[in-house]
Amino acid sequence: MKGGNRIGRWLKVCIVTVILVGGVTLALSWAGSLVPRGDYALVLVTETNTRGLLAIPPEGDAPRAVALDERARTLRPLVPECAPDRSTRALVVYEVECAGVRVLSEAHRVRKTPWHFDAGGPVTALSPYPGPGGGAGPARAVDALGAPAGPAGWGLPLVDNTMRLYSARITISELARDGTVTLDVGGRSVSLKPGEAWTGARVRDGSAVLELSPGTGWETSLRRAFASGAPVTRLDVFNYGLWRKERVQECGY
């Protein structure tokens, strides 16, 4: 009997330990996020470059990762990996444009904080190759005058990443119940309420890269850079606030 009692007490201790460890793990997974389970915070990060497009993609803009209806506050993922799931606390959409052409669009699910990704990483878009046997295939990449870019326009890099000047690690450290997002952009602490945005820009001046921030002389400096043809990269972070998961539409175009 005594041995049986000891085994029973040991089993109880094990069960309680498992419950406690599971509870702590669950609490840690939610740490830094007070977003209701039925919602997700939607954050758009846009990188805009005046230069960096080596050739015009034959298909035009790169396809979007998600389609947004801001008025109805609905989201339609265009690839399954971009759909917010039950554990998603935030969805970060990252898009890159070079000379007015979208060359990258992707979406990242944030399940716990802190969470980070690196904006300004290399874009490896290539122009398509011709069909098998050299027959009819996808259209070739062309330059600004409509001529095939490079050797016949096949399999060439479309983006010059050296003209993309804004590289920054973006870290989301907190997601508040009211939709406020606290993040760090390249070492700058930023708190964005729903509807608020943060903007930064970098300009190449000779061999140096200058950083510009909104404020006195911001627009004048940007106009001067545009007029001189200097490469300019602008990074915008916009907080759409909380969107309902039940309003996520079926994946597909």
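In nanometres, what is the gap between the two model label sites at residue 67 and residue 188, each 7 Å from Cα along Cα-to-Cβ?
3.4
Taking every eigenvalue of the Cα gyration tensor of the stretch 149-253, multiplying by 5 and rooting it, what semi-axes result, largest first, whole Å?
With the √(5λ) rule applied to the stretch 149-253, the semi-axes are 31, 24, 13 Å.
Residues in the stretch 64-86, backbone N under 11 Å from the label point at residue 251 (7 Å along the Cα-to-beta-carbon vector): list them, ranges by number please.
Within reach of a label on residue 251, which here means backbone N under 11 Å from a point 7 Å along Cα→Cβ, the stretch 64-86 contributes 77-85.
Normalised by the number of residues in the stretch 69-122, what is the relative contact order in percent for Cα pairs under 8 Å and 6+ residues apart?
28
Here, each number is a calculation from the coordinates, and none is a lab measurement. Quick caveat, the model's predicted, so the values are computed rather than measured. Every residue, glycine among them, receives a Cβ derived from its backbone with ideal geometry; neighbour counts consider all protein chains shown.
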